[in-house]
1. Can you tell which of Ile189, Ile318, Val13 lies farthest toward the positive end of the dipole of the chain, using +1 and -1 charges on the Cβ of basic and acidic side chains (Lys, Arg; Asp, Glu)?
2. When only alpha-carbon atoms count, how far does the stretch 125-179 stretch along each of its three principal axes, as whole angstroms with the largest first?
3. Given labels modelled 7 Å from the Cα in the Cβ direction, how far is it in nm from Arg168 to Trp236?
4. Could you compute Rg(Cα) / (2.2 N^0.38 Å) for the chain, with N its residue count?
5. From the backbone phi of the stretch 43-57, what are the Karplus-calculated ³J(HN,Hα) couplings (6.51 cos²θ - 1.76 cosθ + 1.60, θ = phi - 60°) in whole Hz, Gly and Pro given as x?
6. Check which residues have an amide H placed less than 5 Å from Tyr3's amide H, if you skip close sequence neighbours.
7. Given the pairs Lys82/Lys277; Lys8/Lys232; Lys73/Lys188; Lys109/Lys232, which span a C-alpha to C-alpha distance of over 32 angstrom in this model?
8. Using DSSP, restrict attention to beta bridges with both residues in the chain and report what percent are antiparallel, rounded to the nearest 5.
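What follows is calculated from the coordinates using simple rules that are stated; it is not laboratory data. Since the structure is predicted, the reported quantities are computational estimates derived from the model, not experimental observations. With ideal geometry, Cβ positions are generated from the backbone for all residues, glycine too; neighbour counts draw on all protein chains shown.
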Amino acid sequence: MEYRYLGKSGLKVSALSFGSWVTFHDQIGEDVAYKCMKEAYDAGVNFFDNAEVYANGQSEILMGKVLKKTGWKRSDLVLSTKIFWGGEGPNDKGLSRKHIIEGTEAALKRMQVDYVDLIFCHRPDIHTPIEETVRAMNHIINQGKAFYWGTSEWTAQQIMEAYGIARREHLIPPLMEQPEYNMFRREKIEKEYLQLYNEVGLGTTIWSPLASGLLTGKYVDGIPEGSRLNLKGYEWLRDWILNEDGKKRNVKVKDLIPIAKEIGVTMPELAIAWCLKNTNVSTVITGASNADQVKQNMKALDAVEKLTVEVMERIEEILDNKPQLEWDHRV
């Protein structure tokens, strides 16, 4: 396993990490979750990601049970959760001081831990002043309930505002951002956040490296039986894959498959390794519904060296979606 610093912090996270979104409770139970997490841990994964909204809290409960069962040394792990959607009550959503503090307490109880290493603001909250959120996150860290805090799917401007407030008020600033990043979602990592990597030392814990399964190639010939696309609540994902743009993306996946075969890797390995090639990615969060998938995902580390300059150029030609950076009008 390779370990990377999370931004400019002294914390190291495994380049490949394991997340529970979609699968825990919704698709798998405790026995399979245990096998998946153990497979990941045995491969060197130290970062396990969760959120209060995943399976309405059941995902955190399931992960907590697995952690108790394994008996792994707590200091060897980097655990996270994300706060925003905690329930149906008027104060159970968002990033108010009330919900951040109460939501964190509830998440820790569900996971049966005293603290998480990382805590994320799961989305920006337009109804709560960013200063209120920054102060609440600072409080959580000062209370020892988390070590670092960050954001998920925030804009660069919002991150910079939070960072500026923290520095002005001598509070702890956000350390990391958790955006979606894959061959079809590139704008934030490759363009919008560019200034933040050096300016504030932003780390990134990217999710959906397989574009919700599209980059595995399993939808090339239609929707297989048992797919998450048939799960209640994932109609949006079904539409994203089956709409006209989704069909065009699927054509690109078909064109990528021969490259994967040529260099001796699977499509999932190719897609994950492609994300790992980006030096601004601190860790790639992977998911799985069985231990064999975890084992396969871990092989992506060995696939990185096979992505030579020439191979990357061929991939780029197929994708044809590289974000356009600012024009240099002096050239």
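1. Selected residue: Val13.
2. 27, 23, 20
3. With each label placed 7 Å out from Cα toward Cβ, I get 3.2 nm.
4. Numbers: Rg = 19.5 Å, N = 331, 2.2 N^0.38 = 20.0 Å.
Its radius of gyration relative to the 2.2 N^0.38 Å reference: 0.98.
5. Running phi through 6.51 cos²θ - 1.76 cosθ + 1.60 with θ = phi - 60° gives 7, x, 5, 10, 9, 10, 9, 8, 6, 5, 7, 5, 6, 6, x Hz.
6. Counting only residues 5 or more places away or on other chains, the set is Ala15.
7. Numbers: Lys82/Lys277 26 Å; Lys8/Lys232 40 Å; Lys73/Lys188 35 Å; Lys109/Lys232 27 Å.
From Lys82/Lys277; Lys8/Lys232; Lys73/Lys188; Lys109/Lys232, over 32 Å: Lys8/Lys232; Lys73/Lys188.
8. Details: 5 of 29 bridges.
Taking every DSSP beta bridge with both residues in the chain, the antiparallel ones total about 15 percent.
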